[in-house]
Amino acid sequence: MMTILFSLGSMFFAGVNDLVFKRYGQKPRSVGAFIALIGIVWTLFFLTLGFIKGTLSWTLPLMIIGSLTGITSAISNILLIEAMKRTGAGIGSTIYRLNLIFVAVMAFFFLHETFNIWKTTGLVCAVVTIVLIFQNHNEPSGQSPAVRFLLLLVLASFLRACMGIGYKIASLCQVSDEAFLALNGVYWMIFGGAYLLSKERSVVLKKKVLVYAALSGLLVCGIAICMKWAVNYGDASVAVTISQLSFLITVPGSVILFHEHCSLKTIAAVFLAVAGIILLAIGQV
């Protein structure tokens, strides 16, 4: 049950963060600086938390797994940003969130997680939910994304799945949660800075950018720690799947804040997502 509760926590923070990302992207602002600043907040938060708790233990397994998950997380987000410029947000977010399929497959083969009828049905509900959301956000006619950009999205999705599996492996190795997550943030700083220098060259850091980055950074900390706690208690396939249903928060938030229309498909997807979470909870018990 703790896995479900922490997964829902990660989903909540992810949903609110999606709204922050949406607001940030409404004006032309630096992406690289945003990612790097989030990494700074992320790293400082967990270094401080670990220092207070006295849990900052930098073991070799932590350095290896933390580096791999940090790299895959940072690269997957940058690939998503690049690919979505050519494919559109609907296709991009859909393919990216289908990383739960990769997670389920890897969890079965490498972590030997079991899949009963409840969990399997819950996963199917999650996939159908994401497809419904995609159909509700069709791209403008005439857009035909190149195969290479679709492959970038698949690669981003796969790398995001590797990150989720890495979280579970870190739990099995019993490394320090705070040190592990702080190391993840370091790679967001590195790759965000690299993206800024290579793609955006220069940027003026206005006050609003700093405010958005600080807010998003704290939300990302919530996403990360809840996900880590979720896999500490249960299966990665369950935790990742639930966390990918963050639109349960984003949809009502978008209706309230951005006055977006809520279609019947969206309402159906919400109910299906809730059903999927219930099924996953039953299967996890």
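The values are calculated or read from the model by the stated rules, or taken from the named source; none is laboratory data. These numbers were taken from a predicted model, which means no experiment stands behind them. Heads up, the Cβs are rebuilt from the backbone with ideal geometry, glycines too, and the neighbour counts pull from every protein chain shown. These area figures cover heavy atoms from the full protein model, side chains too; ligands, DNA and RNA do not enter into them. Shrake-Rupley method; radii C 1.70, N 1.55, O 1.52, S 1.80 Å.
Data overview
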{"read-out": "Scan of segment 155-170 for residues that are open to solvent by less than 20 Å² (accessible area, probe 1.4 Å) and more than 20 Å from Y96 (Cα to Cα), ordered by number", "value": "A170"}
{"read-out": "Selection status of S254, touching an Asp or Glu at 6+ places or on another chain (Cβ under 9 Å), among the hydroxyl-bearing types (S, T, Y) and more than 30 Å from F51 (Cα to Cα)", "value": "yes"}
{"read-out": "In segment 171-183, residue surrounded by the most Cβ atoms within 10 Å (Cβ to Cβ) [restricted to those that are touching a Gly at 6+ places or on another chain (Cβ under 9 Å) and farther than 20 Å from I242 by Cβ]", "value": "F180"}
{"read-out": "Selection count, segment 244-285, where residues are at pLDDT 85 or above, in contact with a Cys (Cβ under 8 Å, 6 or more places away or on another chain) and more than 17 Å from I117 (Cα to Cα)", "value": "0"}
{"read-out": "Hits in segment 27-64 (condition: in contact with a Lys or Arg (Cβ under 9 Å, 6 or more places away or on another chain) and among the charged types (D, E, K, R))", "value": "K27, R29"}
{"read-out": "Scope segment 106-118; condition outside any loop (DSSP other than H, G, I, E, B) and either modelled with pLDDT under 90 or loosely packed, with under 12 Cβ neighbours inside 10 Å (or both); matching residues", "value": "F109, I117"}
{"read-out": "A214 of a type outside the set (D, E), in a helix (DSSP H, G or I), out of contact with any Pro (no Cβ under 6 Å at 6 or more places or on another chain) and surrounded by 19 or more Cβ atoms within 10 Å (Cβ to Cβ)", "value": "no"}
{"read-out": "Selected residue (criterion: modelled with the highest pLDDT) from residues of segment 93-104 that are assigned to a helix (DSSP H, G or I) and within 13 Å of the chain's Cα centre (by Cα)", "value": "V103"}
{"read-out": "Members of segment 119-132 that are of a type in the set (S, T, N, Q) and crowded, with 16+ Cβ neighbours inside 10 Å", "value": "T121, T129"}
{"read-out": "Residue ID - nearest to the chain's Cα centre (by Cα), chosen from residues in segment 45-83 that are assigned to a helix (DSSP H, G or I) and without any contact (Cβ under 8 Å) to a residue 12 or more places away in the chain", "value": "I64"}
